[in-house]
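K.L.:
I am attaching a structure below and will ask some questions about it afterwards.
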Amino acid sequence: LVGRTNAGKSTLFNRITGKKKSIVFDQDGVTRDYMQERVTWDDKTFNLIDTGGLSFKRTTSEIEKKIQEKVLKLLESASAILFVCDVKSGITQNDMLIAKTLHKVKKPVFLLLNKADNSTAVEDNLHEFYKLGFDDMTQVSALHGFGVGPTLDKVTDLLPEEADLEFELPQYHISIIGKPNVGKSSLMNLLVHEQRSIVSPVAGTTRETVSENVYFCSELMQITDTAGVRRKSRINEDLETLMAKSSLRSIKEADIVLLMIDASAGKICDQELKLLFYAREMKKPVLILYNKVDLIKDDDYTKMLLEQSMDRYNFVLKKTTQIAISCLSKKNVCKVLGEVQKVIARCSQEIDSAHVDEILKGELEKKRMYHKRQLLRVHKIRNIKAAVPTFVLTVNYPQWFGPTQLGFIENVIRKHYDLRGCPIQLDVKGKK
């Protein structure tokens, strides 16, 4: 999908894929990094790519130049190109320049006149688009869906039978989260060994979740770079609100979360703690990465402040794996995916129910739990197979097993089993 900014590419991408992956917002240049999703139509499977809006203005920013470079590179590898124009606005000089570029690429191009749900606009402007020089021109409405099916029929007719490939599904999904400008996109690029995400010193460069697959030790992983999440009080634009929602949705869909913290800031801020607690609330394994350690010296005051901040929140940090990295010098970046595998392995380890039952009852004999002078008993605990370590507790008064009691039981389990980075799910039920 190519075209100028705000022509409706992202709306069309979401319509075809059936997912709200691309942010749709009435503002130029919302999509920056390209989005891709597997689509099956008429028994043929292919990758659909939503690109950033092309602009051939004389004065363009560094980010706009990077967007243009990426789009032009993607055109070279495309099997077919869907050129999206806004029939409601009519043809523009930028449409003409994009068409000129597409004619040079020598790839099948389907011209899609989007926003054709306005019949008056179509009648007034339709003839203009013949100037673009493409034989195949289809009126579509990304918003309402008409014209999309016939377009996909034409695309799949072009694809050879062998295009129906067996796509390997990732074994797990990794989401990189954090505040703006902590190095998420730089880490993404290092992990997938290509300039997948646009990197810029401007905070908020990444606006949408950008995913890419990578093999590590024969395992296929999907890594997702997310938009930086700022404090609610700092979010004063509707676009930023959509970006934050997209990042939080990425946490929900992840199998493991990488929380990036700027070590050079000398502290763990409230927003990073909120992201950590949100991931824990969603029962997601977490790996904490302290980036930009190359900016800190051993005798630096910043290092002392960071260590004090870590000590202050040790009650939660001790339950996770933490790595000091530098995306600039690449220090310890090679350890990240290995640690991801270790955390996943810890989450899926088999824990013998009889053994954990014996341990917990022994600990409860030493330190009994009461509620209003009533002894709280755990009759039985058993481990059940799930995405994260999950235990079912059969107790005498399930209504009185609150956060304090369950926190004690969790600590007992963590004391005897290596579950760093893993959330623990405790389900309580009464004895029948």
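The values are calculated or read from the model by the stated rules, or taken from the named source; none is laboratory data. Treat the numbers as computed from the prediction; the structure is a model and nothing was measured. Because the Cβ atoms are built from the backbone with ideal geometry, glycine has one as well, and the counts that use them run over all protein chains shown. Heavy atoms of the whole protein, side chains included, go into the accessibility calculation; ligands, DNA and RNA do not. Shrake-Rupley method; radii C 1.70, N 1.55, O 1.52, S 1.80 Å.
K.L.:
When you scan region 338-376, how many residues do you find that are over 18 Å from D255 (Cα atoms), surrounded by 12 or more Cβ atoms within 10 Å (Cβ to Cβ), in contact with a Leu (Cβ under 8 Å, 6 or more places away or on another chain) and not hydrophobic (A, V, I, L, M, F, W, C)?
P.N.:
0
K.L.:
Of all residues in region 196-225, which are at pLDDT 85 or above and either assigned to a helix (DSSP H, G or I) or β-branched (V, I, T) (or both)?
P.N.:
V214, I223, T224
K.L.:
Right, next: Is there a residue being aromatic (F, W, Y) and under 30 Å from the mean Cα position of the chain (by Cα) anywhere in region 352-371?
P.N.:
Among the residues of region 352-371, not one is aromatic (F, W, Y) and under 30 Å from the mean Cα position of the chain (by Cα), which makes the answer no.
K.L.:
Then there's this: For the structure I just gave you, tell me whether L72 is in contact with a helix residue (DSSP H, G or I) (Cβ under 8 Å, 6 or more places away or on another chain) and open to solvent by less than 10 Å² (accessible area, probe 1.4 Å).
P.N.:
Answer is no for this residue.
K.L.:
Applying the selection to region 325-351, what residues are in a strand (DSSP E or B) and more than 22 Å from the chain's Cα centre (by Cα)?
P.N.:
K331
K.L.:
Being aliphatic (A, V, I, L, M) and part of a helix (DSSP H, G or I) is the filter; apply it to region 292-318 and report the residue that is most open to solvent (accessible area, probe 1.4 Å).
P.N.:
The residue in question is L295.
K.L.:
Exactly one condition in (1) in a helix (DSSP H, G or I); (2) at pLDDT below 70 is not met by R32; state its number.
P.N.:
The number of the failed condition is (1).
K.L.:
Further, regarding this structure: Being charged (D, E, K, R) and touching a residue at least 60 places away in the same chain (Cβ under 8 Å) is the filter; apply it to region 319-337 and report the residue that is surrounded by the fewest Cβ atoms within 10 Å (Cβ to Cβ).
P.N.:
In this case the residue turns out to be K330.
K.L.:
Pick from region 168-195 the residues that are closer than 22 Å to S329 by Cα, open to solvent by 20 Å² or more (accessible area, probe 1.4 Å) and in a loop (DSSP other than H, G, I, E, B): which of them is modelled with the lowest pLDDT?
P.N.:
The qualifying residue modelled with the lowest pLDDT is Q195.
K.L.:
Residue pairs, Cβ under 6 Å, 6 or more apart or interchain, first in region 391-416 and under 10 Å from D427 (Cα atoms), second assigned to a loop (DSSP other than H, G, I, E, B). List them.
P.N.:
T394/K431
K.L.:
Same structure, new question: Just to be sure before I move on: is K385 at pLDDT below 95, open to solvent by 90 Å² or more (accessible area, probe 1.4 Å) and within 30 Å of G338 (Cα to Cα) in the structure I sent?
P.N.:
yes
K.L.:
Looking at K57, K100, K73 in this structure, which one is modelled with pLDDT of 90 or more and more than 19 Å from G147 (Cα to Cα)?
P.N.:
So the residue among K57, K100, K73 that is modelled with pLDDT of 90 or more and more than 19 Å from G147 (Cα to Cα) is K100.
K.L.:
If I filter region 360-412 down to residues being in a strand (DSSP E or B), of a type outside the set (V, I, T) and out of contact with any helix residue (DSSP H, G or I) (no Cβ under 8 Å at 6 or more places or on another chain), which single residue comes out as farthest from K432 (Cα to Cα)?
P.N.:
Y370
K.L.:
Can you name the number of the only condition in (1) open to solvent by 30 Å² or more (accessible area, probe 1.4 Å); (2) at pLDDT 95 or above that I413 fails?
P.N.:
(1)
K.L.:
Name every residue in region 125-164 that is over 24 Å from R15 (Cα atoms) and basic (K, R), in order of residue number.
P.N.:
Selection gives K131 alone.
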